[in-house]
Amino acid sequence: MTDKIRWGILSTARIGRRVIPAIQASHNGEVAAVASRSLERAQAWADLHKIPRAYGSYEALFEDEGIDAIYNPLPNSMHAEWSIRCAEAGMPTLSEKPFASDAPEAQSIVDAFEQHDLPLAEAFMYRFHPQHAKAQEIIAAGGIGELQIINSSFTFPISDGANIRLNKALAGGALMDVGCYCVNLMRFMTGEEPEGVRAAARIGERTGVDETLVGMLEFPSGVIGHFDCGLRSFGQHTYTLKGAEGMIVVPQSFVIDKTVDGIVRHWQGDNYSEQVVPAVDQYQLMVEDFADALLNQRPPRFAPADAVKNMVVVDRLLADAR
């Protein structure tokens, strides 16, 4: 292994348009190869992103001795199979969210990587943006009193009926695609797992997936979280933390451009303040953390067990909604 992690990209998924430039801009990583089930598609992606090598099968990527780690952005339903294949090939892996189709699949991935003693992480990039740490600092300092309510929303409209997010066979749906962020955020902010879970959903007649879902989570500390997510609604991604004495609002919570400053709005009694968090590339911070973990032989910042716990909550919400 060199002083930079040499990444292999498993597929030409659209999210690669964000992650590949982030790896290329990172101080400790480079993109060495990309694989697709079509060599023509892989080569076109390699040409577009200036990636040295392209392969016409995923297996060929595993055989490349110049690869140190894999980024897996395949469709949700394929995460488990190919992440496990990565483990069997001896490849540390950063897998896109949601981690798997369900919690048992997620656990099977974790088990495979533990068996081969390999690093593994879920690509929830938002957690690396310092605006969330700022919100946590305000809470820890007593800035809103005892946390009582968390409200989150992540919605955007899809007009293309062929979009994989609307494909039931590929484990699509609003909760799997964007609601999982809201669930993760609430677990992240409370540091707890919910005891009570409730949900209601609008299931698409043609798609068979939850196109809109509203959920509520009850945590052991007494915090109650409620969120909405949707693939047919006006775009929004935000969260609010309400305490006994104040409130925090993070207006751009999950997908924030690397050129845009983060904003943390804080009310405490009658006092209002607004803290600006300088713009960062949260994707770059994520891939740098994983690469640094490999180079320095430490665990990634967020343990893969957290991904299983998130999927447990997602499963419970979907079961209640259906």
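Read-outs: derived from the displayed coordinates by stated rules, not from any lab. None of these values were measured; they are calculated from a predicted model. Note: ideal-geometry Cβ built from the backbone for every residue, glycine included; neighbour counts use all protein chains shown.
Overview of results
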read-out	value
Among [x] 17.3; [y] 15.0; [z] 16.2, the entry derived from the coordinates for mean projected area of the Cα convex hull in nm²	[z]
Beta bridges per DSSP with both ends in the chain, % antiparallel, nearest 5	60
Neighbourhood charge, 12 Å Cβ-Cβ cut-off, centred on residue 320 and excluding it, Lys, Arg +1 and Asp, Glu -1	+1
Partner lysines for residue 50 [C-alpha distance under 20 Å; skip if fewer than 8 residues away on the same chain]	4
Residues whose placed amide H lies under 5 Å from that of residue 261, excluding near-sequence neighbours	279
Ranked by how many other beta carbons lie within 10 Å on average, peptides 205-212, 293-300 from highest	205-212, 293-300
Within straight-line cross-link reach of residue 168, aspartates and glutamates at Cα separation under 16 Å, skipping those fewer than 8 residues along the same chain	102, 160, 177, 205, 210, 211, 315
Other-chain or far-sequence residues with amide H under 5 Å of residue 102's (modelled H)	none
Efficiency of FRET from Cβ geometry, residue 221 and residue 59, R₀ 56 Å, rounded to 0.05	0.75
Helix axis angle, 39-49 relative to the chain longest principal axis, alpha carbon, degrees	60
Vicinal HN-Hα couplings computed from phi for segment 250-263 (Karplus, 6.51 cos²θ - 1.76 cosθ + 1.60; Hz; Gly/Pro x)	10, x, 10, 9, 10, 10, 10, 5, 5, 9, 9, 5, x, 10
Distance from segment 20-65 to segment 261-315 (C-alpha centre basis), Å	26
Of 49, 129, 79, the one that fluctuates the most in a GNM where the chain has Cα springs shorter than 10 Å	49
Spin-label proximity, residue 205 to segment 148-181 - amide N less than 17 Å from point 7 Å beyond Cα toward beta carbon	161
Eligible lysines near residue 309 by straight Cα distance, threshold 18 Å, same-chain separation 8 or greater	97
Highest-fluctuation residue, 105, 122, 65 considered, GNM on the chain with Cα pairs under 10 Å	65
GNM flexibility winner over the chain from 32, 80, 169 (Cα, springs under 10 Å)	169
Neighbour-limited loop hits for trypsin sites (Lys or Arg not before Pro), segment 1-70 (at most 10 other Cβ within 10 Å; DSSP other than H, G, I, E, B)	14, 50
Residues whose placed amide H lies under 5 Å from that of residue 245, excluding near-sequence neighbours	145, 146
Alpha-carbon centroids, segment 209-226 and segment 71-139: separation in whole Å	22
Net charge of Cβ neighbours under 15 Å - reference residue 148; Lys, Arg +1; Asp, Glu -1	-3
The chain, helix-only ellipticity at 222 nm - DSSP H runs n ≥ 4, -39,500 (n - 2.57), divided by all residues, nearest 500	-10000 deg cm²/dmol
Pairwise label distance in nanometres, residue 305 with residue 198, each label 7 Å out on the Cα-Cβ vector	3.1
Beta bridge orientation in segment 198-322: antiparallel %, DSSP, nearest 5	100
Using alpha-carbon coordinates, inclination of helix 79-88 to the longest axis of the chain, degrees	50
